1. Restricting to segment 61-88, name every residue that is among the aliphatic types (A, V, I, L, M) and either open to solvent by 10 Å² or more (accessible area, probe 1.4 Å) or touching an Asp or Glu at 6+ places or on another chain (Cβ under 6 Å) (or both).
2. Would it be correct to say that W261 is among the hydrophobic types (A, V, I, L, M, F, W, C), in contact with a Leu (Cβ under 8 Å, 6 or more places away or on another chain) and within 29 Å of D308 (Cβ to Cβ)?
3. Output the number of residues of segment 214-234 satisfying the condition of being outside any strand (DSSP E or B), out of contact with any helix residue (DSSP H, G or I) (no Cβ under 8 Å at 6 or more places or on another chain) and surrounded by fewer than 21 Cβ atoms within 10 Å (Cβ to Cβ).
4. Would a scan of segment 272-287 turn up a residue that is at pLDDT 95 or above, surrounded by 15 or more Cβ atoms within 10 Å (Cβ to Cβ) and in contact with a Lys or Arg (Cβ under 8 Å, 6 or more places away or on another chain)?
5. Can you tell me how many residues in segment 32-55 are open to solvent by 20 Å² or more (accessible area, probe 1.4 Å) and hydrophobic (A, V, I, L, M, F, W, C)?
6. Collect the residues in segment 274-319 that are under 19 Å from I112 (Cβ atoms) and part of a helix (DSSP H, G or I), keeping them in residue-number order.
7. What is the residue count in segment 238-255 for residues that are within 26 Å of F41 (Cβ to Cβ) and buried (at least 16 other Cβ atoms within 10 Å of the Cβ)?
Amino acid sequence: MKALVFDRFGEADVLRYDILPDMALDAMSVLVQTSAVGLNFADIYRRQGVYVLEGDAPWIGGYEGAGRVVAVGRDVNRWRVGQRVGFLDVPRAHAERVRAPADRLVALPDDIDDRTAAALLLQGVTAQYLVEDSGRLSAGDRVLVQAASGGVGRLLVQMAHALGAEVHALASTPAKREQARSNGASAVYGYEDWVSQVRQATGGGVDVVYDSIGTTLQDSIAALRPGGRAVIFGKAGGTPPTIDPLLLMEGSKSVVGGDLWTYLNGTEGRQSRVDRLFAALRNGTITAPSTTAFPLHEGAEAHRLLEDRNFAGKIVLLP
């Protein structure tokens, strides 16, 4: 099979398009011929050596995608050859064919095309668990979303707004702030002196902060009302600082870690989350991202574009 691989960590030029042997199936795995696979910031971090990678070099990035089943293990009953499937936590996805544990695949409805599935699954279910599980949002909550025009941030704003929360959004440029407002944010801010602005606008702080930056965690805690909670689910800006527990105790505040893999813990639950995500897309609660497609063999160029902080949208690779 052909795949986008790398043998060492570094900039995008460590990537190469190469031919590797197909992975052998075991009794409970499925071989998927991919038609579209998503590119995410986590893939950049893995290429840089910051995130854990599956297996040994040559490494293949990617965790989300869509395609058709071309082979099944002898004990697999749920899937059949030719069936359309998607996935959001299957490693080594940036390849023509992907070996997936049978319980990590989801069925795709006919009205969701493969590119949309590959563009939405990972970021969409991430935003979903952050709203439903980590943040436990409800109508009337005041919520602050950092990087509000990013892939997950955009969906967080839309989902929180649909629940009836009052959404405050942080974004780095006027255009990105305007996008956040169009997605449902009632107030938008830049990254200069934002804590005091948020506290003043809310009369003392928000109920929940979603922090994907990492280095801003101390500020996120400061932007909370007494009893509020900061949900840390990324480190786009670097490693989060160490937090003094007394700082949390004095304001009865909390920091909640957010990790998607915690919540993808069963076949039915996984399918249910994906079904609800696509239902939200159909009814207009969320919108699909603006998608830019690259052939898989141009993966290095796709990585470079994603690293450009001015880029907005989702990159999909086409094997």
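1. A66, V70, A71, V72, V76, V81, L88
2. no
3. 3
4. No, segment 272-287 has no match at all.
5. The total comes to 5.
6. Correct list: V274, D275, R276, L277, F278, A279, A280, L281, R282.
7. The qualifying residues number 2.
Per-residue answers, yes or no, for (1) among the aliphatic types (A, V, I, L, M); (2) out of contact with any Ser or Thr (no Cβ under 9 Å at 6 or more places or on another chain):
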position	(1), (2)
L105	yes, no
D111	no, yes
A127	yes, yes
S149	no, no
A162	yes, no
G184	no, yes
V188	yes, yes
Y191	no, no
T202	no, yes
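The values are calculated or read from the model by the stated rules, or taken from the named source; none is laboratory data. Bear in mind the structure is a predicted one, so any value in this text is a computation, not a measurement. Please note: Cβ atoms are built from the backbone with ideal geometry, for glycine as well, and neighbour counts cover all protein chains shown. Just the protein is used for accessible areas: all its heavy atoms, side chains included, with ligands, DNA and RNA removed. Shrake-Rupley method; radii C 1.70, N 1.55, O 1.52, S 1.80 Å.
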